[in-house]
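Reading through the structure tokens given below for one structure.
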Amino acid sequence: MSESKIENVVILGTGPAGLTAAIYTARANLNPLIISGEQPGGQLTITTEVENFPGFPEGVQGPELMEHFKKQATRFGTRFVDGNIKSVDLSKRPFTLTSADGMTIKTQTLIISTGASAKWIGIEAEKRMMGKGVSACATCDGFFFRKLDVAIVGGGDTAMEEATFLTRFANTVTVIHRRDTLRASKIMQEKAMKNPKIKFIWDTEVLDVIGDKAVEALRLRNLKTGEVTQFKAEGLFIAIGHEPNTQLFRGQLETNEAGYLKVEAGTSKTKIPGVFAAGDVADPVYRQAITAAGTGCMAAIDAERYLEDLGSH
Ligand code: NAP
């Protein structure tokens, strides 16, 4: 890569979407350049065992799965650059990206797979106990809480959906919400409230997690009375929403009200020809590794066809 060279394809983000786009574009001889981003390997690198990714009947550790993706992308000649892009200019062609350390990259096509980040409540225990009973993904980790008593923080649709999902495994699921009314849609609220395994603690925040190797209890504070109590729980799920990593593109690409990139239905195309989006950055609904990989493949094929139409490849 040099400052004067114009890349065929630059991919932002190295989660399942970005690395799948890299595998496909590399195999199409497009010599892709991929920028690792804030969290190399994406959200799977902060989870433990992945049991629902097809092709791994015995399950696979999240970080190991991402290593496999990376090896496969490398095998076909993907070039990797560590670090972050701090600004993009999509108003002129080729598109220009500037990295945090001042490097400029010009490219004909851009695949955005910068993902989304789970929001955390911001207590130290979340980091300390992540993978030891604290999780921000019930779909990924719920299975490990069979017959246990777990708690979930949040009052929106995600919290209701995940609480309901967790009742398949857990003995009880206690929703801890900071107010006394839920933000979730009526239908999801009713479903959760009707479920005999789901209980609610209102007007309460989690102050700390008690336990060393596993979650044993939570320290809670009632926000109305100030009373601090201990609550027995063997797992803590945080379900207060996700933040799509789209800050770089604000004002240049269309987003929905939650900030997710908009793409033309059934494609990875954004409103700017040559700019494609894949994975969680454009997916507020499914957010699975397999769907991210699938849309990464779509973006690669869309980019390849776009370049073909330009006659530049
Ligand atoms: P959300 O609607 O923004 O709700 C977030 C919840 O977390 C709120 O109840 C909020 O409390 C709470 N919260 C936020 N920050 C917190 C903090 N620091 N500490 C404690 N609690 C905190 O997010 P979401 O539930 O992820 O939903 C996002 C969007 O996706 C929504 O439009 C939703 O309808 C949609 N969605 C739909 C489905 C479905 O239809 N199947 C499933 C999931 C999500 P407050 O209420 O006090 O603000």
(message) Suppose each label sits 7 Å from its Cα in the direction of the beta carbon; what would the Lys232-Thr98 distance come out to in nanometres?
(response) 5.9 nm
(message) Strictly over 31 Å apart at the Cα level, which of Lys86/Lys119; Lys132/Lys186; Lys5/Lys127 would you flag in this model?
(response) Lys132/Lys186; Lys5/Lys127
(request) Work out from phi, with θ = phi - 60° and the Karplus expression 6.51 cos²θ - 1.76 cosθ + 1.60, the ³J(HN,Hα) of each residue of the stretch 109-121, listed in order in whole Hz, and give x for Gly and Pro. (result) 10, 10, 10, 9, 9, 7, x, 9, 10, 5, 7, 10, 6
(request) Could you tell me the distance between the Cα centroids of the stretch 247-313 and the stretch 130-187, to the nearest Å? (result) 30 Å
(message) Can you report the principal axis dimensions of the chain using only the alpha carbons, biggest first, rounded to whole angstrom?
(response) 65, 40, 36
(message) Quick check: pseudo-label points 7 Å beyond the Cα along Cα→Cβ at Trp120 and Glu216, how many nm apart are they?
(response) 2.3 nm
(message) Under the rule of at least 5 residues apart or a separate chain, name every residue whose amide H is placed under 5 Å from the amide H of Ile34.
(response) Ile11, Arg79, Phe80, Val81
(message) Going by Cα centres, the stretch 17-33 and the stretch 226-244 are how many Å apart?
(response) 39 Å
(message) So, R0 is 30 Å and r is the distance between the beta-carbons of Met130 and Lys271; what FRET efficiency does that work out to, to 0.05?
(response) 0.20
(request) Please say if the stretch 62-122 is rounded, prolate or oblate, where rounded means a/c under 1.5 for a ≥ b ≥ c the square roots of the C-alpha gyration tensor eigenvalues, and otherwise the choice is prolate for a/b larger than b/c and oblate otherwise? (result) oblate
(message) Quick test of your reading: applying the under-4.7 Å Cβ rule, which cysteines of the chain are isolated?
(response) Cys297
(message) Using alpha carbons only, how many angstrom separate the centre of the stretch 193-218 from the centre of the stretch 78-110?
(response) 44 Å
(request) Considering the options Ala217, Ala138, Val206, tell which one lies farthest towards the positive end of the dipole of the stretch 124-238, charges being +1 on Lys and Arg and -1 on Asp and Glu at the Cβ, about the Cα centre. (result) Ala138
(message) Principal axis extents for the stretch 157-265, Cα atoms only, whole Å, descending order, please.
(response) 48, 32, 29
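Tell me the net charge near Glu58. Cut-off is 15 Å between Cβ atoms, Glu58 excluded, with +1 for each Lys or Arg and -1 for each Asp or Glu.
Numbers: positive: none; negative: Glu49, Glu51, Glu64.
Within the 15 Å Cβ shell, the charges total -3.
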(message) Could you compute how much accessible surface Asp89 exposes when probed at 1.4 Å, giving the result in Å² to the nearest 10?
(response) 50 Å²
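What does the charge count near Lys132 come to, summing +1 for each Lys or Arg and -1 for each Asp or Glu among other residues with Cβ under 10 Å from its Cβ?
Numbers: positive: Arg128, Lys213; negative: Asp212.
Overall, the nearby charge balance is +1.
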(request) Just the number, please: percent antiparallel of the DSSP beta bridges in the chain, rounded to the nearest 5. (result) 45 percent
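What's the FRET efficiency of Glu67 with Ile187 using the Cβ-Cβ distance as r and R₀ = 30 Å, to the nearest 0.05? Working shown, then result.
Details: r = 41 Å, r/R0 = 1.36.
My answer for the efficiency is 0.15.
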(message) Rounded to the nearest 20 debye, what is the charge dipole size of the chain about its Cα centre when +1 sits on each Lys and Arg Cβ and -1 on each Asp and Glu Cβ?
(response) 280 debye
(request) Using only protein heavy atoms and a 1.4 Å probe, report how much of His177 is accessible, in Å² to the nearest 10. (result) 10 Å²
(request) Leaving ligands, DNA and RNA out of it, rank Asp212, Asp309 by accessible area with a 1.4 Å probe, largest first. (result) Asp309, Asp212
(request) Give the accessible surface of the chain per residue, rounded to a whole number of Å², with probe radius 1.4 Å and ligands, DNA and RNA excluded. (result) 49 Å²
(request) Please list the helices of the chain that count as membrane-span-like by this rule: a mean Kyte-Doolittle hydropathy of at least -0.5 together with Cα atoms stretching 18 Å or more along the helix axis, each helix being a complete DSSP H run. (result) 289-310
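The values are calculated or read from the model by the stated rules, or taken from the named source; none is laboratory data. If you're wondering where the values come from, they're calculated on a predicted model, not measured in any experiment. Don't worry about glycine lacking a Cβ; one is built from the backbone with ideal geometry, like all the others, and counts go over all protein chains shown. To get the accessible areas, we keep the full protein, side chains included, count just its heavy atoms, and leave off ligands, DNA and RNA. Shrake-Rupley method; radii C 1.70, N 1.55, O 1.52, S 1.80 Å.
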